[in-house]
């Protein structure tokens, strides 16, 4: 977490600009659901979701971050990685979602819906009507809902969740995204594979690089980028998290 009210450093100012743009493009939407995705692991989707969510919440917006990466549950770590969460709700083991929403940990009006236990069938759970019905219910409770999803090139999960999203924020991290992928990105935009797709350029500072730019991969890393099997690399997880 880097966003702080009153802090005027480069990172905080960048999030204020992003917040202003988000408010501008969603001005006509009383409730907005936003899909966060990318091509590459380590692009900074969770980093941006969390800090953008905090910046909106500090302007009295009710914000919910939903961890839709049911395989890695990266966002859930910022909520303490509870054992019960979205996976249990979608599987029917929990019937009331409210007790499993982690409330106000980073800002009074910012909530997080964690994954819970990592399920064996994440794609099937996200495809279920329980997920669609859940989003329909949560829309009436929040101004902004962010779906923190896996990269689109690695799993079908982001495309499944996109059916519940009003907008898509596609994160491109400088130095990680290959130029050869630009045509593919343009195709996704032109064919409207994702609703109202917008682009967020991440880590674009030049000259002196600030430490935060290298710390928000949370286990994906460049190894996961060069070899997609790294996305589920237990050895890498052990090195990063000690388990």
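Computed from the coordinates by the stated procedures, all read-outs in this text should not be read as laboratory data. None of these values were measured; they are calculated from a predicted model. Here Cβ is always computed from backbone atoms with ideal geometry, including for glycine, and neighbour counts include all displayed protein chains.
List 101, 48 from most exposed to least, where exposure is judged by having the fewest other Cβ atoms within 10 Å.
So the residues, fewest neighbours to most, are 101, 48.
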Problem set entry | Cα convex hull volume per residue for the stretch 79-208 (Å³) | 149 Å³
For this session: Specify whether the C-alpha gyration tensor of the stretch 41-93 places it in the rounded, prolate or oblate class, a ≥ b ≥ c being the square roots of the eigenvalues: rounded for a/c under 1.5, otherwise prolate if a/b is larger than b/c and oblate if not.
Result: oblate
For this session: Give me the number: length gained by fully extending residue 23 to residue 9, i.e. 0.36 nm times residue separation minus the C-alpha to C-alpha distance, one decimal in nm.
Result: 2.9 nm
Seminar exercise, completed: For 155, 10, 181, 36, ascending order of other Cβ atoms within 10 Å (fewest first) is 10, 181, 155, 36
Seminar exercise, completed: Note: residue 166 to residue 77 extended length (0.36 nm per residue) minus current alpha-carbon separation gives 29.4 nm
Seminar exercise, completed: Checked the stretch 1-134 with the C-alpha gyration tensor, a ≥ b ≥ c its square-rooted eigenvalues, rounded below a/c of 1.5, otherwise prolate if a/b is larger than b/c and oblate if not; verdict prolate
Problem set entry | Solvent-free Debye scattering, log10 I(q)/I(0), computed from the Cα coordinates of the stretch 105-144 at q = 0.34, 0.35 Å⁻¹ | -1.13, -1.15
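Can you put 56, 176 in order, fewest other beta carbons within 10 Å first? Please report the intermediate quantities before stating the final value.
Values: 56 24, 176 20.
Sorted ascending by nearby Cβ count, the order is 176, 56.
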For this session: Could you work out the per residue convex hull volume over the alpha carbons of the stretch 1-73, in cubic angstrom?
Result: 106 Å³
Exercise. Packing-wise, with mean Cβ within 10 Å as the measure, how do 109-118, 24-33, 191-200 rank, highest first?
Worked result: 109-118, 191-200, 24-33
